[in-house]
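Worksheet: one structure, shown below.
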Amino acid sequence: MSRAETDEMAGVAGVAGSQASGSGGSGGSGGSGVAGPAGSGAAGVAGSSGAVREAHWSWTFGLFRSELLTTLRRWRTLALLGVLAAVPVLIGVAVRIETGGDGSAGSGGGGEGPAFITQITNNGLFLVFAALAVTLPVFLPMAVGVVAGDSIAGEANAGTLRYLLVAPAGRTRLLLAKYATALAFCLTATLVVAVSALAVGALLFPLGDVTTISGTTISFGSGLLRAALVAVVVAASLAGFAALGLFVSTLTGSGIAAMATTVGLLITVQILGTIPQLDAIHPYLFPHYWMSFSDLLREPFHWDEVRRNLGLQALYAGVFGAAAWARFTTKDITS
């Protein structure tokens with residue numbers, strides 16, 4: 001975030017503060033008027049409190065909006081989204097070249113990436129599920145790790161963190177805005193993959209009724225709704241990792257170090273998840289249930305693994321979010 005942007009946010013906060021103080025002053029004068037009605041003082045206090053609350057939420061939303069727009073305007077973020085959008089294109093072109101579009105690879109079934117790929121030639125909508133299955137283990141979390149890892153450390157490295165806190169944002173509110181921005185990026189990145197895959201699938205392959213993993217057939221409209229639900233679940237699957245990246249970002253003043261550490265933790269945990277001797281800890285690793293979204297392609301839905309996934313992400317978000325708050329609220333930002 002540039003110095004001009006932080007100054008702009010400080011100006012917005014100043015306007016909000018002046019509105020609150022002005023309302024408070026009018027309330028006080030209403031209460032001290034001799035000729036006024038007995039309830040005018042209470043009404044003035046209530047009005048000033050309402051103005052303060054309104055200014056509070058206005059400033060909080062303005063901070064989040066500024067953080068989100070700043071993140072999405074960075075060339076680094078645009079490059080990450082461009083890479084994510086290119087993955088479905090590569091998969092679709094590769095499948096088209098391999099099969100010639102004759103559907104010869106469409107005899108498979110199942111619930112993971114390769115099985116989804118075998119269904120693409122029969123229905124281009126399956127490119128959405130295949131692309132999400134391919135990008136979820138590495139590409140999507142790496143992009144989220146870059147954004148979350150740079151959230152606080154990048155500001156400290158650029159020297160803008162202290163200017164952000166000059167405005168009456170408060171460390172807790174700023175940290176929440178940073179995490180909300182990371183979650184918004186999780187959803188944005190996931191939608192970029194899904195929309196790109198849908199466009200490529202519609203261009204290269206036929207679209208029609210969807211055959212679920214259970215063998216039943218649903219309409220194309222229902223398939224689209226399931227694709228949207230899958231995208232939301234995939235985005236939510238990254239919430240715990242985003243909190244981990246935010247915590248790492250509060251530990252250092254170097255954005256590059258925070259991003260590298262966050263991505264390194266991702267790779268380490270992924271490796272631990274492949275070691276059979278450590279199967280006792282696998283259910284507690286944040287990527288363990290990431291592929292559970294495939295259960296949403298069954299008829300009826302199978303929610304057990306999805307609930308475990310969302311519960312685990314909530315646990316990681318709570319633990320590392322609290323750790324990030326504890327670290328950030330006691331951090332010396334002047335050093």
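The values are calculated or read from the model by the stated rules, or taken from the named source; none is laboratory data. What you are looking at is a predicted structure, and each value in this text was computed from that prediction instead of being measured. For neighbour counting, all protein chains shown are included, and Cβ atoms are generated from backbone atoms with ideal geometry for every residue, glycine included. When the accessible area is computed, the model is the full protein with side chains, heavy atoms only, and any ligands, DNA or RNA have been set aside. Shrake-Rupley method; radii C 1.70, N 1.55, O 1.52, S 1.80 Å.
Listed values, structure above:
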{"item": "Fraction of accessible area attributable to carbon and sulfur, the range 155-280 (%, probe 1.4 Å)", "result": "71 percent"}
{"item": "Relative contact order of the range 183-252, pairs being alpha-carbon contacts under 8 Å that are 6 or more residues apart, as %", "result": "43 percent"}
{"item": "Nitroxide proxy distance, nm - points 7 Å out along Cα→Cβ at residue 220 and residue 207", "result": "0.6 nm"}
{"item": "Probe 1.4 Å, protein heavy atoms only - accessible area per residue of the range 187-269 in square angstrom", "result": "37 Å²"}
{"item": "For the range 143-302: relative contact order, % (alpha-carbon pairs under 8 angstrom, 6 or more apart)", "result": "38 percent"}
